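Notes for the one structure printed next.
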Amino acid sequence: MSLLMDAGAWLGDPANWSGDNGVPTRTVQHLAITGAAVGIAAAVALPAGVLIGHTRRGAGLVGALSGAARAIPTLGLLTLFGLAYGIGLKASLAALVVLAVPSILAGAYAGVQAVDAATVSAARAVGMRPRQVLFGVELPLAAPVVVGGVRAAVLQVVATATLAAYIADYGLGRYLFAGLKSRDYAQMLAGALLVAALALLLELAFAAAQRYAATRIADPARSDRNDTRTVQKGPTS
Amino acid sequence: MTWLALSWEYVLELTRDHLLLSVPAVLLSVLIAVPIGRLANRRRVLGGLVTGAATLMYAIPALPLLIIIPAVFGFPLRSSATVVTALTVYGVALLVRTAADAFGSVDAEVRDAALAVGHSPRSVFWHVDLPLAIPVLLSGTRVVAVSTVSLVTIGALIGVPGLGSLLTDGFQRGITEEVAVGVVATIVVALVLDGLLLAAGRALTPWARTPRRSAKTAGGAR
């Protein structure tokens, strides 16, 4: 337990909370690379997943991709990119994007694909355009599963961003690797606790977002009043 | 392929180390998660707490967990006990929910019938609940096995040898082939374990093969 006390002392030392190697800077870096990787991956994987779920073509590809992604060691991906692009941010960002794509793709596909076909037909039957069916019916109903996919990707990326410090001087993982090299267990443990706390906070935030998506967006009984109004306006005008 | 030709013995040795870390972790995960899952399935409030805690445990990144575990349990940092414990934590976290679902998937009427023909509650567990839960349990165990094999590589960062050593060593010495061999070997080990589990599942559930075919013909007749 004295190890934990040492880590507590490290965390309590004001010197570790300022400057380029301070906790605030490192945390912001960690969040920035996580956000960037998930953002880029989502820009590619969300439309692709929705398209596959909507047309139900290429479903096998999604299954194979997410299965294979689980077997690939994340450290292997990082080191391969590190050797290919050289040490630095570009390599770690590229590896993190690759890691984030399968979960987001699978979530978007599974969410849209699970929307009841009868509901989609009904939406078409009342005269909704394809765009309206997608944005007004399929996406809201798919929202909880889509958010779940993003949640899994964020968890994966925030964890692997720690390893990214192995090939770039970036993020909270730096404390772990610096501590490992210099056998400074207090710094290592403090860094580990910070990363774990950050991951848990993100997990809780996304769990709340997923609940919000399930109760407010996907549940028709409680759906946005504005949407209902626009639908009702259609026949009268 | 020169690197592999010169060092295949080293790769085999690391593969053995890798298996010695991942197989015990998968076995321990199953042994711990199945009773907890069974309990969680029986008591709803407890079950909610357990699955909630499991989700949070799973959220903790691997390298930090490897560093936190020695501080909590008092193991030396560079030991296989640290790696096996961390992987067991993840395995249990992944498997508890699946185990609860697996026991939930057992038809209550089948259980009642077993009790009615005179099985004791203990016998119902061993002869009815557990065998019928195997398909779902097995699908969860396959996921755990594949992700465990992939996660063992992280152990190389704290100095516990396994196939991950090829990744760190290859990266530091700039040998792309060594890293690639490490990645491919890890995937191969994962796929082999997955295949073995699939075969074990088939052997353990002989009844699952023939009825499915008859169900299909029934569907066709309709």
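Observations on the model:
- Among the residues of the stretch B:137-155, those identified as of a type in the set (A, V, I, L, M) and either open to solvent by less than 10 Å² (accessible area, probe 1.4 Å) or on the phi > 0 side of the Ramachandran plot (or both) are B:144, B:145, B:149, B:152, B:154.
- Set A:50, A:137: member being at pLDDT 90 or above, surrounded by fewer than 23 Cβ atoms within 10 Å (Cβ to Cβ) and within 18 Å of the chain's Cα centre (by Cα): A:50
- Unique residue being away from every other protein chain (no Cβ under 14 Å) and over 21 Å from residue A:138 (Cα atoms) when the list is A:49, A:39: A:39
Okay, residues lined up against (1) under 25 Å from residue A:197 (Cβ atoms); (2) away from chain A (no Cβ under 12 Å); (3) modelled with pLDDT of 90 or more:
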residue	(1), (2), (3)
B:98	no, yes, yes
B:138	no, yes, yes
B:144	no, no, yes
B:157	yes, no, yes
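- Of all residues in the stretch A:60-73, exactly one satisfies the criterion of being more than 7 Å from chain B (Cβ to nearest Cβ) and open to solvent by less than 20 Å² (accessible area, probe 1.4 Å), namely A:62.
- Per the listing B:158, B:134, the residue uniquely closer than 26 Å to residue B:97 by Cβ and surrounded by fewer than 23 Cβ atoms within 10 Å (Cβ to Cβ) is B:134.
- Some residue of the stretch B:88-101 being over 27 Å from residue B:56 (Cβ atoms), touching a residue at least 24 places away in the same chain (Cβ under 8 Å) and either touching a strand residue (DSSP E or B) at 6+ places or on another chain (Cβ under 8 Å) or open to solvent by 50 Å² or more (accessible area, probe 1.4 Å) (or both): no
- When restricted to residues that are closer than 25 Å to residue A:85 by Cα, assigned to a helix (DSSP H, G or I) and open to solvent by less than 40 Å² (accessible area, probe 1.4 Å), the stretch A:156-179 contains 13.
- Restricting attention to the stretch A:184-219, the residues that are within 12 Å of chain B (Cβ to nearest Cβ), touching a Leu at 6+ places or on another chain (Cβ under 9 Å) and either open to solvent by 40 Å² or more (accessible area, probe 1.4 Å) or among the hydroxyl-bearing types (Ser, Thr, Tyr) (or both) total 5.
- Note on the stretch B:161-190: residues that are more than 7 Å from every other protein chain (Cβ to nearest Cβ), within 14 Å of residue B:19 (Cα to Cα) and either open to solvent by 30 Å² or more (accessible area, probe 1.4 Å) or not in a loop (DSSP other than H, G, I, E, B) (or both) total 5.
- Selection status of residue A:168, under 29 Å from residue B:56 (Cα atoms) and within 16 Å of the chain's Cα centre (by Cα): no
- Taking residues in the stretch B:66-84 that are in a helix (DSSP H, G or I), and partners anywhere that are surrounded by fewer than 14 Cβ atoms within 10 Å (Cβ to Cβ) and modelled with pLDDT under 90, the pairs with Cβ atoms closer than 7 Å and at least 6 places apart or on different chains are B:70/B:76.
The values are calculated or read from the model by the stated rules, or taken from the named source; none is laboratory data. Just so you know, these numbers come straight off a predicted model, no measurement behind them. A quick note on method: Cβ atoms are made from the backbone with ideal geometry, for glycine too, and the neighbour counts reach across all protein chains shown. Side chains included, ligands, DNA and RNA excluded: accessible areas come from the protein's heavy atoms. Shrake-Rupley method; radii C 1.70, N 1.55, O 1.52, S 1.80 Å.
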